[in-house]
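Inspection log for the structure reproduced underneath, given as structure tokens.
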Amino acid sequence: MRRAHVENEKGERIELTNSPYWDVRIEGLTPGSATINTTTIAGKDGSVFNSARKNEKEIIITAKPKFPVAENRQRLYKYFKTKKEVKIYYETTNRNVKINGHVSGIEGLLFEQTQAIEISILCEDPYFVERTERNTEMSSTQDLFEFPFAIEEEGIEFSIIEKTISQNIKNEGDTETGMIIELTATGEVVNPTIYNVETRGHFGLKIELQTGDVVRINTNNLRKRVTLIRYAEERNAINSIIKGNEWFKLMPGDNVFTYKCDKGEENLSIKFIYSNKYEGV
């Protein structure tokens, strides 16, 4: 199964498969290339690796409009406007992903017997992102409700939340990915710090939280921020981070995190929100 559709900056969508276009081809769905930086040393064979960078991805969509040809060709102009951002959604039997880009050009020969319209989209972030958002919490719910049952005068517990001091998060994607770490206070919490057990890095806040406070730490590239939500009002809390913090990334495979607080560890709930990223489909 393969299905592809595109969404323009207004949220309008057009289907590219099972649509008024035939022989639709999409290039750029594979992992693509990287730039490798090296240094040569006099008198030495070969070179020394310095760094590597994943190049931006270009996706080229070629579509042949069905009858009425002019009407269906012009419909493409509505969804693929040069300079504007588009979202490409692509679904197969084992992956359901999206990627953002900007339309760099739309070309075609209008006087051919069979018109073929070629659309070029430049994706600054070259990775496909899983459309499903994943949530992992540092707690689990233990059911206490059983049949038969009787409610005593002082009441009964239906369930309890058991908090864990460490949590493994498995990144099933091809590459590292950022995430949102959500801290929720059910009582007084002072100076929470999260640790990556593998890298021994930490992300700590010099802050005093009260009941109902929520802190969101966004570690995604170009969206890094720390936000405190108190009484339904968002506040910038970037000044609360302590020196030497590591903006955590989830590496492919297992990632283990733990945490501590100067006070109120039992009042803190932590949730990790992320999506797997892939080099290709």
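The values are calculated or read from the model by the stated rules, or taken from the named source; none is laboratory data. Keep in mind it's a predicted model, so treat the numbers as computed, not measured. Methodologically, a virtual Cβ is constructed for each residue, glycine included, from the backbone with ideal geometry; neighbour enumeration extends over all protein chains shown. We work out accessible area using only protein heavy atoms, side chains counted, and drop any ligands, DNA or RNA first. Shrake-Rupley method; radii C 1.70, N 1.55, O 1.52, S 1.80 Å.
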Checklist entry - When Leu222 is evaluated against the numbered criteria (1) on the phi > 0 side of the Ramachandran plot; (2) in a strand (DSSP E or B); (3) not small (Gly, Ala, Ser), which criterion, by number, is the only one it fails? => result (2)
Checklist entry - Between residues in region 96-107 that are touching a residue at least 60 places away in the same chain (Cβ under 8 Å) and closer than 19 Å to Pro31 by Cα and residues that are basic (Lys, Arg) and surrounded by fewer than 16 Cβ atoms within 10 Å (Cβ to Cβ), which pairs lie under 8 Å by C-beta distance while being six or more apart or on different chains? => result Val97/Arg131
Next on the checklist: With the structure loaded, tell me whether Glu58 is outside any loop (DSSP other than H, G, I, E, B) and either touching a residue at least 40 places away in the same chain (Cβ under 8 Å) or of a type in the set (Gly, Ala, Ser) (or both) or whether it fails that test.
Outcome noted: yes
Checklist outcome for this item: Taking region 1-19 and the residues there that are closer than 12 Å to Lys78 by Cα and in a loop (DSSP other than H, G, I, E, B), the one that is most open to solvent (accessible area, probe 1.4 Å) would be Lys10
Checklist entry - For Thr93, all conditions in the list (1) within 23 Å of Val129 (Cβ to Cβ); (2) at pLDDT below 95; (3) surrounded by 11 or more Cβ atoms within 10 Å (Cβ to Cβ) hold save one; what is the number of the exception? => result (3)
Checklist entry - Mind checking which residues of region 196-208 are within 11 Å of Cys261 (Cα to Cα) and either assigned to a strand (DSSP E or B) or of a type in the set (Lys, Arg) (or both)? => result Gly204, Leu205, Lys206, Glu208
Checklist entry - Given the structure, is Gly178 within 30 Å of Arg2 (Cα to Cα) and crowded, with 17+ Cβ neighbours inside 10 Å? => result yes
Checklist entry - So which of Thr114, Thr82 is outside any strand (DSSP E or B), touching a residue at least 40 places away in the same chain (Cβ under 8 Å) and exposed (fewer than 14 other Cβ atoms within 10 Å of the Cβ)? => result Thr114
Checklist entry - For region 234-257, what are the residues that are open to solvent by 70 Å² or more (accessible area, probe 1.4 Å) and assigned to a strand (DSSP E or B)? => result Glu234, Arg235, Asn236, Asp254
Next on the checklist: Restricting to region 172-189, name every residue that is under 11 Å from the mean Cα position of the chain (by Cα) and of a type in the set (A, V, I, L, M, F, W, C).
Outcome noted: Met179, Ile180
Checklist entry - Is it the case that region 38-58 has a residue that's under 15 Å from Val103 (Cα atoms) and among the small types (Gly, Ala, Ser)? => result no
